Amino acid sequence: MIDLSLYLVTDRRLSSGRDTVNVVAAALRGGVSCVQLREKQANTREFMEEARAVKTLLDSLEQPVTLIINDRLDVAMAVQADGVHLGQNDMHITDARRLVGDTMIIGISAECIEDALAAERAGADYLGISPVYTTPTKTDTAAPLGLSGLRQIRQAVSLPLVGIGGINNENALDVLGAGADGVAVVSAIVSAPCPRSAAASLAREIKRFKAEHPKGMHPAPCEY
């Protein structure tokens with residue numbers, strides 16, 4: 001099963017001109033447990049080339065790390081990634097499942113309880129709860145849910161949750177405490193002077209939190 005603990009989302013615009021594969025490699029050395037390749041600016045061929053390069057890197061590791069492709073199921077299928085992450089305006093999960101069956105992980109972005117419940121009913125493998133906090137990384141998201149919104153979604157569904165949006169070393173544990181299984185981080189790692197050190201700092205805190213809370217923060221689901 002996918003380890004959502006420290007979920008890196010790439011963004012070449014925020015990487016200070018550094019190559020995405022090099023940033024990912026450094027973050028992996030720091031303890032990233034999952035990589036989502038997100039390319040909003042690249043054309044399809046560039047996206048494919050980068051995805052293959054990242055997959056080659058991940059395949060070389062002794063311990064497997066999941067590769068998720070953002071938005072593009074065609075790219076995920078072509079490079080044989082582990083999964084795809086779909087937003088509310090991307091391909092519907094039922095169509096994606098029709099194409100890949102159970103051979104691929106499908107994550108769904110949820111901006112409210114209704115999104116989360118619909119994705120769970122449709123067979124999502126995990127949910128990206130977005131945005132938890134205000135973030136400059138994406139400008140097309142809904143208003144921040146905050147920790148209270150995350151808790152409400154945690155109570156409503158039983159799927160694994162990863163919080164995303166404005167998460168950094170100062171608030172990551174709050175997100176886990178509100179019921180997330182992991183935190184998705186963009187600028188706190190890819191924009192850091194040393195992505196390895198930034199990832200390692202987050203990974204240490206997450207590991208400590210999970211050791212202290214081995215059963216997670218999962219209240220019983222509510223009826224909606």
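Where a number appears in this text, it was derived from the coordinates with a stated rule and is not lab data. Since the structure is predicted, the reported quantities are computational estimates derived from the model, not experimental observations. Note that each Cβ is placed from the backbone with ideal geometry, even for glycine, and that neighbours are counted across all protein chains shown.
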message: What's the total number of residues in the range 157-178 that are part of a helix (DSSP H, G or I) and either within 14 Å of Cys112 (Cβ to Cβ) or in contact with a strand residue (DSSP E or B) (Cβ under 6 Å, 6 or more places away or on another chain) (or both)?
response: 2
message: I'd like the residue in the range 103-123 that is charged (D, E, K, R) and either in contact (Cβ under 8 Å) with a residue 24 or more places away in the chain or in a loop (DSSP other than H, G, I, E, B) (or both) and, out of all such residues, is nearest to Ala142 (Cα to Cα).
response: Glu111
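Would you be able to tell me the number of residues in the range 124-156 that are in a loop (DSSP other than H, G, I, E, B), hydrophobic (A, V, I, L, M, F, W, C) and surrounded by fewer than 23 Cβ atoms within 10 Å (Cβ to Cβ)? Walk me through it before giving the result.
From the range 124-156, those in a loop (DSSP other than H, G, I, E, B) are 124-125, 130-145; that's our starting set.
Going one step further and asking which of them are hydrophobic (A, V, I, L, M, F, W, C), we end up with 124, 132, 142-143, 145.
Subsequent filtering for residues that are surrounded by fewer than 23 Cβ atoms within 10 Å (Cβ to Cβ) retains 142-143.
Of the residues in that region, 2 qualify.
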- line: Residue count, the range 3-24, condition assigned to a loop (DSSP other than H, G, I, E, B) and either basic (Lys, Arg) or touching a helix residue (DSSP H, G or I) at 6+ places or on another chain (Cβ under 7 Å) (or both), comes to 5
message: Of all residues being outside any strand (DSSP E or B), in contact with an Asp or Glu (Cβ under 8 Å, 6 or more places away or on another chain) and not charged (D, E, K, R) in the range 30-43, which is nearest to Gly107 (Cα to Cα)? Just the residue, please.
response: Ser33
